1. Which of the residues that make up region 72-87 are of a type in the set (A, V, I, L, M, F, W, C) and part of a helix (DSSP H, G or I)?
2. Checking LEU134 against (1) over 15 Å from the mean Cα position of the chain (by Cα); (2) of a type in the set (A, V, I, L, M); (3) more than 16 Å from ALA154 (Cα to Cα), only one condition comes out false. Which one?
3. Looking only at region 49-71, filter to residues that are outside any loop (DSSP other than H, G, I, E, B) and of a type in the set (Ser, Thr, Tyr); which one of those is nearest to VAL243 (Cα to Cα)?
4. Could you grab me the full set of residues in region 21-43 that are hydroxyl-bearing (Ser, Thr, Tyr) and either on the phi > 0 side of the Ramachandran plot or buried (at least 22 other Cβ atoms within 10 Å of the Cβ) (or both)?
5. Out of all the residues in region 88-106, which are in contact with a helix residue (DSSP H, G or I) (Cβ under 8 Å, 6 or more places away or on another chain), under 18 Å from PHE33 (Cα atoms) and outside any helix (DSSP H, G or I)?
6. Which one of ALA190, ALA147 is aliphatic (A, V, I, L, M), assigned to a helix (DSSP H, G or I) and closer than 19 Å to ARG210 by Cβ?
7. Answer yes or no as to whether ILE164 is at pLDDT 95 or above and either more than 21 Å from VAL243 (Cα to Cα) or loosely packed, with under 15 Cβ neighbours inside 10 Å (or both).
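The values are calculated or read from the model by the stated rules, or taken from the named source; none is laboratory data. Nothing here was measured: the structure is a model prediction, and the numbers come from that model. Cβ sites come from the backbone with ideal geometry, for glycine too, and all protein chains shown count toward neighbours.
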Amino acid sequence: MARRHRGMSTGVHRLRRELRAALAAGERVTGTFVKLPVPEGVELAAEAGFRFVVVDLEHSTLDESAAITLVRHADACGVAALVRVPRVDPPMIARLLESGAVGLQLSMLCTAEQARELRAATRFAPEGSRSISLANRAAGFGAGGLAAFLRAEAESPPLLVGQIETAVTEPWPEVVGGLDVVFVGSTDLAVSLGCLPGDERLRAAVDAVRGAADRAGTAFGGWSPGLAAAGSLGLATAGYLVVGSDLQILADGLRAAASPQGEPDDIP
């Protein structure tokens, strides 16, 4: 029997389309940060009903190799995996995308130049400067050919999420231009403002980020320790919501299990 070529060997382009369609329709998509180098964390997130995970290369001990393993496992589980990166590193970004990452989430975005660099690193010429190879998972290891891969990437490019975590002094349209999601990093933003979450100064800053996203026609997002806390952080209308992290959820569960108040009733 002749072997059937699958073309694109992963569902990365389908997952990109689904996330974009949900955001465009005003739906809320919920995910969580992944900080632990264990595939089971990604699998459990998918089984719990999260639409995506954000593999964290900023606030974790994960290295690139571990991140790629988690991205590949997410692809196998059928859940979208974005990767949070602390800076635009084109070769690393190319490797993450080639492994099946649905998109990138850039920390500490504060200038239009950073946004342009991120976009260029995730797009092929003439739109960007991303280097191309077919010898990778996202390209089906060449089974579909160059033209098919270029077409798939042009029709469903990587999602771009920019984290606003400090005061932005450049015009908002320039900073958020080309992004799929404007994400408010409320904890860093609060510290940069010299206050704590709950302060009116933070609420005003979050409102400014949301207003910029609305004017740009871009989805608004942010982080919350839990769904119930989203409203108090100004994220009631966030379409892209990252809830906690695998490490936080594990810590909360262990503390509850170790607490006398958390012990179950005796079973007769």
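1. If the condition is that a residue be of a type in the set (A, V, I, L, M, F, W, C) and part of a helix (DSSP H, G or I), then ALA74, ALA76, CYS77 are the ones that fit.
2. Failed condition: (3).
3. It comes out as THR69.
4. Taking region 21-43 and keeping what is hydroxyl-bearing (Ser, Thr, Tyr), we get 30, 32.
Correct list: THR32 only.
5. GLY100, ALA101, VAL102, GLY103, LEU104, LEU106, listed by residue number.
6. None of the others qualify; the one that does is ALA190.
7. So ILE164 does not fit the description; no.
Per-residue answers, yes or no, for (1) at pLDDT 95 or above; (2) surrounded by fewer than 23 Cβ atoms within 10 Å (Cβ to Cβ):
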position: THR61; (1), (2): yes, yes
position: VAL88; (1), (2): yes, yes
position: GLN105; (1), (2): yes, no
position: ARG116; (1), (2): yes, yes
position: GLY144; (1), (2): no, yes
position: GLU170; (1), (2): no, yes
